[in-house]
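J.: Got a structure for you, written out below as structure tokens; questions coming shortly.
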Amino acid sequence: MATDELSSKLTRRLQIEEGAEEPVALDGDHQNGAHDKPTTASADSELGAKLQRRGELNEGVGEHHQPSMKVLNPYTEFKEFSRKQIKDMEKMFKQYDSEKDNFIDLMELKLMMEKLGAPQTHLGLKNMIKEVDEDLDGKLSFREFLLIFRKAAAGELAEDSGLHVLARLSEIDVSTEGVKGAKSFFEAKVHAINESSRFETEIRQEQEEKKRQAEERKQRQAAFKELKSAFK
């Protein structure tokens, strides 16, 4: 019932907006206005938002956006960075994602830039997000955050831009020579092979480090048990 009433109101409001019908005040509205106003405030607000969105779409200002279902694998998509670099970026992202919703919104970006010692204006922050905001949701996903460092490494950011300042002050070294810098196809192939080898080496080093830590843990536990049994 409430859905039908909302649909009727939406249709009537659109007709009034288009000039097809004049607004008419009903007596019942005057009699029950004071009683209905609190209960319909939320519906009117939602209706207003829908009308504004509909107008933007009709004028070509807004666009329909579907959330991406693609699962991000930063190690395969951002091959120009080492695993350590990506882990450092992820650590930084999570540090400022105070709401833990896997996004950095405008206020969280504001705090980040203040902590880095380079506060930005409200408009400056919006422009920073806009430059890498591929899905136009007004906030930064982790992939969009990585795009900042990709653009910085490729020299695609203006030196006076907020994103360039962020990348420079983050203390994450993103200087890298990509395949673009290769002088020939042969050099590009060699570079690709070296990159693959480097990636495998980093994974192996991580595995060895985890194994070493597990072995140390086991030795500490054995020493503790031996010490404990000595006091029995």
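J.: Identify, by number, the condition in (1) open to solvent by 30 Å² or more (accessible area, probe 1.4 Å); (2) in a helix (DSSP H, G or I) that Leu125 doesn't meet.
T.: In the conditions (1) open to solvent by 30 Å² or more (accessible area, probe 1.4 Å); (2) in a helix (DSSP H, G or I), Leu125 misses (1) alone.
J.: Okay, next question. Return yes or no: is Glu99 touching a helix residue (DSSP H, G or I) at 6+ places or on another chain (Cβ under 8 Å) and more than 18 Å from Leu147 (Cα to Cα)?
T.: Details: touching a helix residue (DSSP H, G or I) at 6+ places or on another chain (Cβ under 8 Å): yes; more than 18 Å from Leu147 (Cα to Cα): yes.
Taking the combined requirement at face value, the residue satisfies it.
J.: Ok, one more. Pick out the one residue from Leu136, Leu146, Leu109, Leu116 that is over 30 Å from Gln205 (Cβ atoms) and touching a helix residue (DSSP H, G or I) at 6+ places or on another chain (Cβ under 8 Å).
T.: Values: Leu136 fails: touching a helix residue (DSSP H, G or I) at 6+ places or on another chain (Cβ under 8 Å); Leu146 fails: over 30 Å from Gln205 (Cβ atoms); Leu116 fails: over 30 Å from Gln205 (Cβ atoms).
Unique residue meeting the criteria: Leu109.
J.: Among Leu123, Leu140, Leu116, which is touching a strand residue (DSSP E or B) at 6+ places or on another chain (Cβ under 6 Å) and closer than 14 Å to Gly162 by Cβ? First the steps, then the outcome.
T.: Values: Leu123 fails: touching a strand residue (DSSP E or B) at 6+ places or on another chain (Cβ under 6 Å); Leu116 fails: touching a strand residue (DSSP E or B) at 6+ places or on another chain (Cβ under 6 Å).
Within the list Leu123, Leu140, Leu116, the selection yields Leu140.
J.: Also, quick follow-up: Check whether at least one residue in the stretch 147-160 is within 11 Å of the chain's Cα centre (by Cα), at pLDDT 95 or above and either within 14 Å of Leu106 (Cα to Cα) or loosely packed, with under 14 Cβ neighbours inside 10 Å (or both), and report yes or no.
T.: No, the stretch 147-160 contains no residue that is within 11 Å of the chain's Cα centre (by Cα), at pLDDT 95 or above and either within 14 Å of Leu106 (Cα to Cα) or loosely packed, with under 14 Cβ neighbours inside 10 Å (or both).
The values are calculated or read from the model by the stated rules, or taken from the named source; none is laboratory data. Since we're looking at a predicted model, the values are computed, not measured. Neighbour counts are summed over all protein chains in view; Cβ atoms, including those assigned to glycine, are modelled from backbone coordinates with ideal geometry. Surface accessibility is based on the protein's heavy atoms, side chains included, excluding ligands, DNA and RNA. Shrake-Rupley method; radii C 1.70, N 1.55, O 1.52, S 1.80 Å.
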